[in-house]
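A short worksheet on the structure shown next.
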Amino acid sequence: DDDFPAGFATFKKHARYDIDLIHDGGNFHLDANNKGFATRLINNENSTKTESTILNTWLGYQGLNVTLFTPFPTSVDSTQHLDMWVQVIADDKVMVSDWPLNSGSTQDNICDAAAVTLAGMGYTVTRIPAYSVSGTHYTYANVVMCNDLVLIPSYTNVTASAGNAPALAAWQAALPGKTIVQVPCQSIVTSAGV
């Protein structure tokens with residue numbers, strides 16, 4: 001990942017610009033209205049920089065006003081990535097996890113607060129189920145979007161599978177012009193993401 005940009009820039013004869021931050025792709029979302037989002041995992045990955053310096057780096061490099069959210073505890077999600085519980089799906093729409101079996105938990109409180117923040121920023125917020133079962137984080141926010149196709153996970157775990165139909169319905173309602181396809185992800189969900 002770190003080497004590809006240099007080779008590609010040379011191949012395409014394009015200038016290459018590096019942002020002076022270390023961060024994981026799964027912990028960064030943005031819209032086309034100069035707003036970006038990440039968790040404060042970014043602070044840990046750039047421990048020699050202050051949060052203000054990190055935010056100003058994004059502002060100067062990409063013109064982004066970035067909002068940072070508290071990451072989940074690693075006992076819930078070892079990646080602490082935003083894409084495990086938030087997905088920006090349009091310039092004015094986001095999906096945010098909800099925890100029907102863990103009401104009042106740390107992750108539920110984080111998601112509820114983020115939903116309020118995002119709604120206050122003008123986004124239409126759609127809530128989708130998420131589950132923590134025996135140390136595995138079952139999410140319906142960690143998806144792949146490509147043009148008019150959206151691939152969302154489905155699960156066979158007896159607890160998590162209860163979210164398959166509600167998640168599909170929520171995605172279809174939020175993106176009526178898109179084709180939403182459920183992909184069986186039970187065999188990979190224990191690898192910290194789908």
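Here are some notes:
- The range 175-194: number of residues that are in a loop (DSSP other than H, G, I, E, B) and either more than 18 Å from the chain's Cα centre (by Cα) or at pLDDT 95 or above (or both): 8
- All positions within the range 23-57 that are under 13 Å from the mean Cα position of the chain (by Cα), part of a helix (DSSP H, G or I) and over 23 Å from residue 119 (Cα atoms): 25
Yes or no, residue by residue, for (1) of a type outside the set (Val, Ile, Thr); (2) exposed (fewer than 15 other Cβ atoms within 10 Å of the Cβ); (3) over 24 Å from residue 129 (Cβ atoms):
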{"residue": "8", "(1), (2), (3)": "yes, yes, yes"}
{"residue": "12", "(1), (2), (3)": "yes, yes, yes"}
{"residue": "16", "(1), (2), (3)": "yes, yes, yes"}
{"residue": "25", "(1), (2), (3)": "yes, yes, yes"}
{"residue": "34", "(1), (2), (3)": "yes, yes, yes"}
{"residue": "53", "(1), (2), (3)": "no, yes, yes"}
{"residue": "62", "(1), (2), (3)": "yes, yes, yes"}
{"residue": "66", "(1), (2), (3)": "no, no, yes"}
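- For the residues 126, 79, the requirement of being crowded, with 18+ Cβ neighbours inside 10 Å, of a type in the set (S, T, N, Q) and farther than 18 Å from residue 171 by Cβ singles out 79.
- Residue among 77, 2, 20 that alone is in contact with a Lys or Arg (Cβ under 9 Å, 6 or more places away or on another chain), modelled with pLDDT under 95 and part of a loop (DSSP other than H, G, I, E, B): 20
- Residue in the range 134-155 that is of a type in the set (A, V, I, L, M), part of a strand (DSSP E or B) and at pLDDT below 95 present: no
- Applying the condition of being of a type in the set (Ser, Thr, Tyr) and in contact with an Asp or Glu (Cβ under 7 Å, 6 or more places away or on another chain) to the range 101-128 and asking which residue is farthest from residue 165 (Cα to Cα) yields 123.
- Taken over the range 155-181, the criterion of being surrounded by fewer than 17 Cβ atoms within 10 Å (Cβ to Cβ), under 25 Å from residue 135 (Cβ atoms) and either in contact with an Asp or Glu (Cβ under 7 Å, 6 or more places away or on another chain) or not aliphatic (A, V, I, L, M) (or both) is satisfied by 156, 157, 159, 161, 166.
The values are calculated or read from the model by the stated rules, or taken from the named source; none is laboratory data. Bear in mind that the values here come from a model prediction, so they are computed numbers and not experimental data. No Cβ is skipped: glycine too gets one built from the backbone with ideal geometry, and neighbour counts run over all protein chains shown.
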